[in-house]
Amino acid sequence: MTIRADQVPVTYLRPSKGWIPLNLADLWAYRELVYFLTWRDIKVRYKQAALGIGWAILQPVLHMVIFTVIFAKLAGLKPDAGIPEALYPVFSFAALLPMQLFQGALQRASISLVQNSNLLTKVYFPRLIIPFSAAAAGLVDFFFAFLVLGGLMLYFQVAFTWKLLWLIPLVLLALLAALAVGLWLAALNVQYRDVQQMVPFLIQAWMYASPVAYSLDVIPASGPWRVIYALNPMAGVIQGFRWALFGLNPPDRILWISIGVVVVLLVSGLYYFRHMERTFADMV
Amino acid sequence: MSDLAIRVENLGKQYRIGTLNNQRYQTLRDSLSTLFQRNGSTPGGRIWALKDVSFEVAQGTVLGIVGRNGAGKSTLLKILSRVTDPTEGIGEIRGRVGSLLEVGTGFHPELTGRENIFLNGAILGMQRAEIQRKFDEIVDFSEVGQFIDTPVKRYSSGMYLRLAFAVAAHLEPEILVVDEVLAVGDAEFQRKCLGKMSDVAQQGRTVLFVSHNMSAILRLTTETLVIEKGRLKLRAPTPEAVDYYLSQGFSQEGQRTWDADEVPPEAAPFRPLAVRILGPGCRACDSVRSTEPFQVEVEYCLSAPITGLRVGIYLMSTRGEYIFTSFDTDDPARFERYPVRPAGRYVSRCTIPADLLNEGRYTLGINASSYRVRRYFQDEQALNFTVDATGAPGMQWPEPRLGPTRPRLDWKIEVIDS
């Protein structure tokens, strides 16, 4: 086999300066690597764990139990107006699902570059692949936890409607939100390991800043509070989840604000990441 | 133009001191504090790991690259394989570049051999269909057949290496970059790897081969680049380049010295000054006799006291096999006598006994470290010297003796039955 000069791709090496184009086509060419890295993360996560993938179910269920006991029974928090108090477990679980997806994806994406530093310094491939696949690895957990939600809905007799299909774009939004923030943090973490220390706190604080244990009703409807609150994209995602399940309180305005915030964070995150990318191999 | 695989012009790469070798992480606090210094000027400054490197490689060439540790070979390969950007200069690469920079990059210990083949193939840029097609061939080549569904963390290092090389060798890129993969593995496997690499070259692919193993360089390449202190020193037919490399800086009468700018700043407070081979009469010499003892001395200075310092030597064959490692405080009593070595100028000297080494050429390396604390300085190829076996045991038979040592053993012959 010989190579003809006109068949081969030509690469130009030169110092990169200023802002770099995103080059998403390059990312597409390496889509199989995204698949394999995601698959590796999933596969490795539950190796040598007796319960294996069972943890993906156990974690949100335990959270739900704790929330129900502490926030509903002891603290007396109520679900959205119109949802019976007895449904608090479903109410909180519907929020825990996207929240845990978001938290897991954000946490893994943030440390992904540093964790894969041996790849960064040895082999070329589009760097964006690393946080992408780290974020996507949470989808499998989400899927199993979602089956639990189906069980809860049957048990508490929550009706299944076509509105449930809205969950698909909402899951995507939660994932993109995690990726958007994750891109910023991953790139920063290469240079400042402080990020790694900050992330566990950040994702915990983020949960309290989202309507997971409590209802959006507790935020004053008058004044700018709801708009400010909606700057947290998870507020829109969670409100959307509850609307798809219970059919009450459509999240229209909140959701638009959430989408807007995610787009801004994602696009800026992508460019920031590409800008920092050329120094990863030297800094990590 | 069209039959060139690689063309680079005035390639240079500058590193900020401190980012090299991950010596330490930059923290937010460091950045904030430099922000308030004059214009964020960085302490320590910058160094050029590579400077003004220009060359062309025709398609189908197997090009050797040699140079000491830290000469800039790895930086050059990283730029060519797009892992890092050059600071200056331009380059043009025709074809996919497959790197074999470090064997097993991207292998995950928890995954099985089979899983790692697919993962590693994808990391190296292969399509899944392509890996599937070559799967059996890869397994055959690696000789790990029956363990293919065992997690690689249970593999021996040899199996691990074979599997990793097998994946990379089946990558079939137009340009294959091989960095020092042959330093490990048994002789049989090395032969197989070299064979695979010449196949690759015969298919019209281009190979860049970096090694400290001069015999592999000689066997495999026709042309070689010599890199010294970040600059392209020589490009010549391989035998000439190897001669130049082996003679360069080495055989200054059995002595190697370090100028201040040759020592990385991370080495401080340790600074090597010289390493010498001392023959009869304590003169530095390039060639010693195996039948006479000789001395090795390392001269260095400390700009500050070092706790637990040990200064030692490595002895290697020129093919890169270790023969021994020894430190000046190996003797526990001596180590207790020097818990802290104060600042000052020192010589650590040892005697290599007679009748130890076989004839041939050897490489001496030095290391200065505090166990489990820090490695201050290491140069595995500080000095080359020759051992002459005149008068050694067994010289009545003019055959080469296998093995790096040639001890004079006390044989007895007993008659049991007559």
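The values are calculated or read from the model by the stated rules, or taken from the named source; none is laboratory data. Owing to the predicted nature of the structure, the values given are computational and were not obtained by experimental measurement. All Cβ positions, glycine included, derive from the backbone under ideal geometry; neighbour counts span all protein chains shown.
Scanning segment B:335-371 for residues that are of a type in the set (F, W, Y) and either over 22 Å from B:R408 (Cα atoms) or surrounded by fewer than 19 Cβ atoms within 10 Å (Cβ to Cβ) (or both) yields B:F335, B:Y338, B:Y346, B:Y371. The test for being at pLDDT 80 or above and at the interface with chain A (Cβ under 7 Å from one of its Cβ atoms) holds for B:R128. Against the numbered list (1) crowded, with 19+ Cβ neighbours inside 10 Å; (2) in contact (Cβ under 8 Å) with a residue 60 or more places away in the chain; (3) under 21 Å from A:F91 (Cβ atoms); (4) not basic (K, R), A:A137 comes up short only at (3).
Against the numbered list (1) exposed (fewer than 14 other Cβ atoms within 10 Å of the Cβ); (2) outside any strand (DSSP E or B); (3) modelled with pLDDT of 85 or more, B:G391 comes up short only at (3). Would you mind listing the helices (runs of 4 or more DSSP H) fully within segment A:192-284 where at least 3 residues are within 14 Å of chain B (Cβ to nearest Cβ) and more than 16 Å from A:L96 (Cα to Cα)? In segment A:192-284, the matching helices (runs of 4 or more DSSP H) lie at A:194-208, A:252-283.
Within segment B:53-78, the set of residues being within 11 Å of another protein chain (Cβ to nearest Cβ) and either surrounded by fewer than 24 Cβ atoms within 10 Å (Cβ to Cβ) or part of a strand (DSSP E or B) (or both) comprises B:Q59, B:G60, B:S74, B:L77.
Quick grid of which residues meet (1) part of a helix (DSSP H, G or I); (2) under 30 Å from B:I123 (Cβ atoms):
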| site | (1), (2) |
| --- | --- |
| A:V65 | yes, no |
| A:F102 | yes, yes |
| A:S110 | yes, yes |
| A:Y124 | no, yes |
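Of the residues making up segment B:97-107, those that are touching a strand residue (DSSP E or B) at 6+ places or on another chain (Cβ under 9 Å) and within 7 Å of chain A (Cβ to nearest Cβ) number 4.
With the structure loaded, tell me whether A:D26 is touching a residue at least 40 places away in the same chain (Cβ under 8 Å), within 14 Å of chain B (Cβ to nearest Cβ) and within 30 Å of B:S54 (Cα to Cα) or whether it fails that test. The answer is yes for A:D26. Being closer than 24 Å to A:L179 by Cα and at pLDDT 85 or above is a condition met by no residue of segment A:67-78.
Any residue at all in segment B:94-112 that's touching a helix residue (DSSP H, G or I) at 6+ places or on another chain (Cβ under 6 Å), part of a helix (DSSP H, G or I) and of a type in the set (V, I, T)? Checking segment B:94-112: not a single residue is touching a helix residue (DSSP H, G or I) at 6+ places or on another chain (Cβ under 6 Å), part of a helix (DSSP H, G or I) and of a type in the set (V, I, T).
Testing B:I131 on (1) crowded, with 18+ Cβ neighbours inside 10 Å; (2) under 29 Å from the mean Cα position of the chain (by Cα), one condition comes back false. Which one is that? Result: B:I131 passes all but (2). For the criterion of being within 10 Å of chain A (Cβ to nearest Cβ), surrounded by fewer than 19 Cβ atoms within 10 Å (Cβ to Cβ) and closer than 30 Å to A:S16 by Cα, B:E88 passes. Can we say B:N367 is outside any loop (DSSP other than H, G, I, E, B) and closer than 18 Å to B:R334 by Cβ? Here the answer is yes, as B:N367 does meet what is asked. The residues in segment B:362-418 that are in contact (Cβ under 8 Å) with a residue 60 or more places away in the chain and aliphatic (A, V, I, L, M) can be counted, and the count is 9. None of B:D379, B:D417, B:D355 is at pLDDT 85 or above, part of a loop (DSSP other than H, G, I, E, B) and within 17 Å of B:V296 (Cα to Cα) except B:D355. Can you pull out every residue in segment B:91-115 that is surrounded by fewer than 24 Cβ atoms within 10 Å (Cβ to Cβ) and of a type in the set (S, T, N, Q)? Residues satisfying the conditions are B:T105, B:T112.
Would you check if A:P98 is more than 10 Å from every other protein chain (Cβ to nearest Cβ) and touching a Gly at 6+ places or on another chain (Cβ under 9 Å)? Here the answer is yes, as A:P98 does meet what is asked. Look at (1) of a type in the set (G, A, S); (2) buried (at least 17 other Cβ atoms within 10 Å of the Cβ); (3) farther than 30 Å from A:A25 by Cβ and you find that A:A174 fails only one, number (3). Restricting attention to segment B:131-172, the residues being modelled with pLDDT under 80 and part of a loop (DSSP other than H, G, I, E, B) number 2.
What strands (runs of 3 or more DSSP E) completely inside segment B:281-352 contain at least 1 residues that are modelled with pLDDT of 90 or more and among the acidic types (D, E)? It comes to B:294-302.
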